[in-house]
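**Student:** One structure coming up, written as structure tokens, with questions to follow.
The values are calculated or read from the model by the stated rules, or taken from the named source; none is laboratory data. Just so it is clear, the model here is predicted, and its values are computed rather than measured. Note that we place each Cβ from the backbone using ideal geometry, even for glycine, and neighbour counts take in every protein chain shown. Surface areas here come from the heavy atoms of the whole protein model, side chains and all, with no ligands, DNA or RNA. Shrake-Rupley method; radii C 1.70, N 1.55, O 1.52, S 1.80 Å.
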Amino acid sequence: MVDDNELRKLRNAAVPAPDESAKARAFEAALRAYDQENISAVTQGSVGGLRLTERAQKLWSEIMQKKLIATPALAGLVALPIAGYATFHLLREQPSPFGGDEKITETLADKPATQKPTVAEPKQAPTALEKDKKADLDVESRDASDALAPAAPPNSESDAAGGAAQPGAPVSPTVSSRFDLKTYSGKEVEYGTLPTSRPAPAPSGEVSRESAGLMPNAPNAARANRVQGAEPKLMAPQQPAAIPADQIAPQEENRDRVQDFKTNPVHAALQDPVSTFSIDVDTASYSFVRGSLKQGYLPQADAVRVEEMINYFPYDWKGPESASTPFNSTVSVMPTPWNAHTKLMHVAIKGFDIKPTEQPKANLVFLIDVSGSMDEPDKLPLLKSAFRLLVSKLKADDTISIVTYAGDAGTVLMPTKVAEKDKILNAIDNLQPGGSTAGEAGIREAYKLAQQSFIKDGVNRVMLATDGDFNVGQTDDDDLKRLIESERKTGVFLSVFGFGRGNLNDEMMQTIAQNGNGTAAYIDTLAEAEKVLVEDASSTLFTIAKDVKIQVEFNPDKVSEYRLIGYETRALNREDFNNDRVDAGDIGSGHSVTAIYEVTPKGGGGEQIDPLRYGQATVNNGGVANADEYAFVKIRYKLPNEDVSKLITTPVTSANEIGSFDQASTDQRFSVAVAAFGQKLRDEDATAKFGYDKIVEIATAARGADPFGYRSEFLSLVRLASALGGNR
């Protein structure tokens, strides 16, 4: 709670401290009085309290602009006393701005030791300056009341008046700065209460339009939802002081969560010849990196997953001839552009591309986060536009349902055929943000709805769209992982789409997408939405193989050392490869997956690990089987409706070798350029001496047709990174 002495000092101060705004502090005191644990959510931007504080700071900035327009001396004489008077006016002379019919009483702490009779003084005509001050204060008071007033309809006449004295109402001769303790939702609250005017509970089995995120007729719907969306609790905030208009606001704290991981080490082929990992077709990392660079800063290293950078781009790898073989693999060995002593083993996988006429029916559940933090242009508005694009891509007999979650989960649209497109689009358009984030409840509701309209031999998928954390219900990533694992066994898969920055829980997105047999993408622009949900819709929606794993065994007679570029978060144990119970990544229709190893040929002079003194005898004791092979590549996969894996093997020999890097295909060279860029952003040792200019040179020469401009954009990102980080 706010300390009484602190409030008295604030109330009695004529001039605010240089580093804070008295007006903003007054608003903060009001917010603290409203609700402390809601204020905890305020710091995460999920309820309306934060908006009120920003409003207070904006009002103070406007005061400063008006009063400082003359000279610094005039500003000191006029603006600062007004601020002190405004604080006094708000905290002492005005009734509670929160509304209601609370009785105001005097407390012993605020009562003076002795009461002297007051002597009436003749009123003097106000001066021009006093008139100006009063006019400004009237405007500020009205704005303050608007900012603090709840958006929901008032419960009583006194609520409608916003707590202001009614005409003819008696006024207490003494006004205290502290109100009686009131009970607010079962909690003790000092300094008054804030009525929230919550809607009446919906009948069992139904969800009110407000809790579902739908308030089409309320002009202040978003603000009302933010205030009403979370059950109030108590916790005091620490809000920043208002910033003068002539200063740049400090950058808001970045609460994006990404998984920490270490770069893959170099392995000695003699001691550790086998590498095992799950494929990864996610693209979230590339979009996240692009957003960072375009905002003028280098991304944090753990936000860069090199394999997702590489697999963001479409490649013309050779695919299988029929759907009976879901994908084809092509392996090539070529010189490394950043190290003359090593070579790159390039593994390219291409999935079978299902023709539109052969695509199975789709049963999709849009699970949409409508919590208060989604009230940003790059969040819910962009999300709505993105899902409108997807609806236009689907066939008339596909089915769509919509579940939203904020303080609770609710069904906005029961299973509806895409033939009723207007009904679906109208449901999307009416979504409004407000409340906390009960993601776990939303996931359960979405899976339940997907089961109700399950299509045998079709596509049954939950499509989760969110900006970040789940802060209500099951919020631990491991708990969510177990929930998703249990649900995927029903045949309903889950994909995750992230929106916005500052609160993005990328780690959670990766966890539930990997365990939901789905993909994770980050959508930061409408163009990216079109790429993910329109251009790549087939690969995003239609799975052709699941639990795809890759295992490579290197021949120590040919290869001294190796390292896998990327896939750190997808590493598997050697024994996991043959264990069909171990989950792995999925491949969608037409998906391309690329994995690149940097290998050191035996005797090439580029070894980083000293050889074993007694180990060589095991490989030179009369010959080794298949001694002419570089490596042996094995791929395991399951068909979408099967639980037993199949195996594809490919020996890698000199026949797979390419004489020079320039002789590699344009797609191979471009994918290597992307791999170099990802490593450069992670500041890895391998590319420490390989400049951005070299990456630009390779990518420019390998740009190819580039019909959608993805590769041209990549070149601009490399140049941005060079400018921001120096051409190291």
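**Student:** Of the DSSP beta bridges with both residues in the stretch 301-427, give the percent that are antiparallel, rounding to the nearest 5. Provide the component values of the computation, followed by the final result.
**Tutor:** Values: 16 of 23 bridges.
Bridges in the stretch 301-427 are about 70 percent antiparallel.
**Student:** Between SER392 and SER332, what is the spin-label point distance in nm, taking each point 7 Å from the Cα along the Cα→C-beta axis?
**Tutor:** 3.6 nm
**Student:** Could you derive backbone 3J(HN,Hα) for the stretch 283-294 from the dihedral phi with the Karplus parameters 6.51, -1.76 and 1.60 (θ = phi - 60°), listing whole Hz in sequence and x where the residue is Gly or Pro?
**Tutor:** 10, 4, 4, 4, 4, 5, 4, 4, x, 4, 5, 6
**Student:** Further question: Whenever you get a sec, line up THR416, THR490 from highest to lowest accessible area (probe 1.4 Å, protein heavy atoms).
**Tutor:** On the way: THR416 5, THR490 55 Å².
Result, largest first: THR490, THR416.
**Student:** For ILE428, ILE658, what's the largest-to-smallest order of accessible area, 1.4 Å probe? Can you show the working numbers first?
**Tutor:** On the way: ILE428 0, ILE658 30 Å².
So the residues, ranked largest to smallest area, are ILE658, ILE428.
**Student:** A follow-up question, please. In square angstrom, rounded to the nearest 10, how much accessible surface does ARG482 have for a 1.4 Å probe?
**Tutor:** ARG482 has an accessible surface of roughly 130 Å² with all protein chains in place.
**Student:** Please give the charge dipole size of the stretch 280-371, origin at the Cα centre, charges +1 on K and R Cβ atoms and -1 on D and E Cβ atoms. Round to the nearest 20 debye.
**Tutor:** Working: 8 positive and 10 negative charges, 43 e Å.
The calculation lands at about 200 debye.
**Student:** Here's another thing I want to ask about it. Relative contact order, percent, of the stretch 315-359 when contacts are C-alpha pairs under 8 Å separated by at least 6 residues?
**Tutor:** Reported relative contact order: 42 percent.
**Student:** Excluding ligands, DNA and RNA, what is the solvent-accessible area per residue of the stretch 302-369 at a probe of 1.4 Å, expressed in Å²? Show your work: numbers first, answer last.
**Tutor:** On the way: 2350 Å² over 68 residues.
With all protein chains present, the stretch 302-369 gives 35 Å² per residue.
**Student:** What does the accessible area of THR276 come to, in Å² to the nearest 10, when a probe of 1.4 Å is used?
**Tutor:** Solvent-accessible area, nearest 10 Å²: 10 Å².
**Student:** For the stretch 430-585, what is the charge dipole size about the Cα centre, in debye to the nearest 20, if Lys and Arg each add +1 at the Cβ and Asp and Glu each add -1 at the Cβ? Before the final figure, lay out the partial values.
**Tutor:** Values: 17 positive and 27 negative charges, 97 e Å.
So the magnitude is around 460 debye.
**Student:** What list of ³J(HN,Hα) couplings, whole Hz, do you get for the stretch 655-661 from phi and the Karplus terms 6.51, -1.76, 1.60, once you set θ to phi - 60° and write x for glycine and proline?
**Tutor:** So the J values, rounded to whole Hz, are 5, 8, 7, 10, x, 9, 5.
**Student:** Using 1/(1 + (r/R0)^6) with R0 = 51 angstrom and r between the beta carbons of ASP683 and ASN426, what's the FRET efficiency to the nearest 0.05?
**Tutor:** On the way: r = 49 Å, r/R0 = 0.96.
Working from the Cβ atoms, E equals 0.55.
**Student:** I'd like the accessible area for GLU485, computed on protein heavy atoms only with a 1.4 Å probe and all protein chains in place. Round to 10 Å², please.
**Tutor:** Counting only protein heavy atoms, the figure is 50 Å².
**Student:** While we're here: Which order do HIS267, HIS341 take by accessible area at a 1.4 Å probe, largest first? Kindly include the intermediate steps, with their values, before the conclusion.
**Tutor:** On the way: HIS267 55, HIS341 95 Å².
Output order, biggest surface exposure first: HIS341, HIS267.
**Student:** Moving to a separate point now. Subtracting the Cα-Cα distance from 0.36 nm times the residue separation, let me have the gained length for GLU358 to PHE261 in nm, one decimal. It would help to have the intermediate numbers written out before the result.
**Tutor:** On the way: separation 97, 0.36 × 97 = 34.92 nm, distance 4.06 nm.
Full-extension gain reported as 30.9 nm.
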